[in-house]
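Let me begin by presenting the structure, written as structure tokens, before commenting on it.
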Amino acid sequence: MQDDDYECLRLRNQLCFPLYAASREIVRKYTPLLKELGLTYTQYIVMMVLWEEKEIAVGELGKKLFLDTGTLSPLLKAMEKKSLLRRTRDGEDERIVKIAITAEGEALKEKARAIPPKIGSCISITAEDAATLYRILYSILGTTPQTQG
């Protein structure tokens with residue numbers, strides 16, 4: 001076989017690689033800002049949902065964040081220990097666990113307001129390209145931002 005037969009295996013031809021590398025770079029930029037709030041990136045995106053929804057079932061949270069309950073459960077337990085949220089069983093269906101934001105979790109919202117502009121200022125991409133990328137990424141995820149929440 002010739003090298004051309006393996007062109008599909010070249011790193012430069014993989015869509016997954018720049019997506020992976022860009023994702024890691026973005027999260028790396030968030031890390032020092034979130035450290036000031038005592039949050040990891042995953043905890044931060046949970047908080048963004050809670051700031052908007054106030055209360056949500058864990059299953060629904062998982063759908064919004066593309067995370068399974070095996071990933072969410074220890075994360076939510078740690079956040080509950082920090083008093084950012086509380087977990088309760090649904091009164092009508094004990095199988096459903098709901099999480100609700102606490103006053104401490106709500107208080108972080110004001111501090112977090114500064115994060116998006118700081119991230120935006122350190123990523124060199126035009127607003128038009130950002131909008132296009134946003135649309136394409138949600139397309140890859142098989143959804144639209146509107147159906148996410």
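What to note about this one:
- Single match in T42, T31 (criterion: under 24 Å from Y138 (Cα atoms), open to solvent by less than 70 Å² (accessible area, probe 1.4 Å) and among the polar types (S, T, N, Q)): T42
- Number of the condition not met by T88 [criteria: (1) touching a residue at least 12 places away in the same chain (Cβ under 8 Å); (2) open to solvent by 40 Å² or more (accessible area, probe 1.4 Å); (3) within 18 Å of the chain's Cα centre (by Cα)]: (3)
- Yes/no for I96 being surrounded by 13 or more Cβ atoms within 10 Å (Cβ to Cβ), touching a residue at least 40 places away in the same chain (Cβ under 8 Å) and of a type in the set (V, I, T): no
- Any hit, segment 116-124, residues being modelled with pLDDT of 95 or more, out of contact with any Cys (no Cβ under 7 Å at 6 or more places or on another chain) and surrounded by 11 or more Cβ atoms within 10 Å (Cβ to Cβ): no
- Condition met for Y20 (of a type outside the set (A, V, I, L, M, F, W, C) and under 23 Å from P145 (Cα atoms)): yes
- Scan of segment 63-74 for residues that are surrounded by fewer than 17 Cβ atoms within 10 Å (Cβ to Cβ), in a helix (DSSP H, G or I) and either in contact (Cβ under 8 Å) with a residue 40 or more places away in the chain or out of contact with any Gly (no Cβ under 9 Å at 6 or more places or on another chain) (or both), ordered by number: K63, G70, S73, P74
- Residue within segment 85-97 that is at negative phi, β-branched (V, I, T) and in a helix (DSSP H, G or I) present: no
- Residue tally, condition of a type in the set (A, V, I, L, M, F, W, C) and surrounded by 11 or more Cβ atoms within 10 Å (Cβ to Cβ), over segment 5-22: 3
- Residues in segment 110-140 that are in a loop (DSSP other than H, G, I, E, B) and of a type in the set (A, V, I, L, M): A114, I123, I125.
The values are calculated or read from the model by the stated rules, or taken from the named source; none is laboratory data. Since we're looking at a predicted model, the values are computed, not measured. Glycine gets a Cβ as well: all are built from the backbone with ideal geometry, and neighbour counts include every protein chain shown. Surface areas here come from the heavy atoms of the whole protein model, side chains and all, with no ligands, DNA or RNA. Shrake-Rupley method; radii C 1.70, N 1.55, O 1.52, S 1.80 Å.
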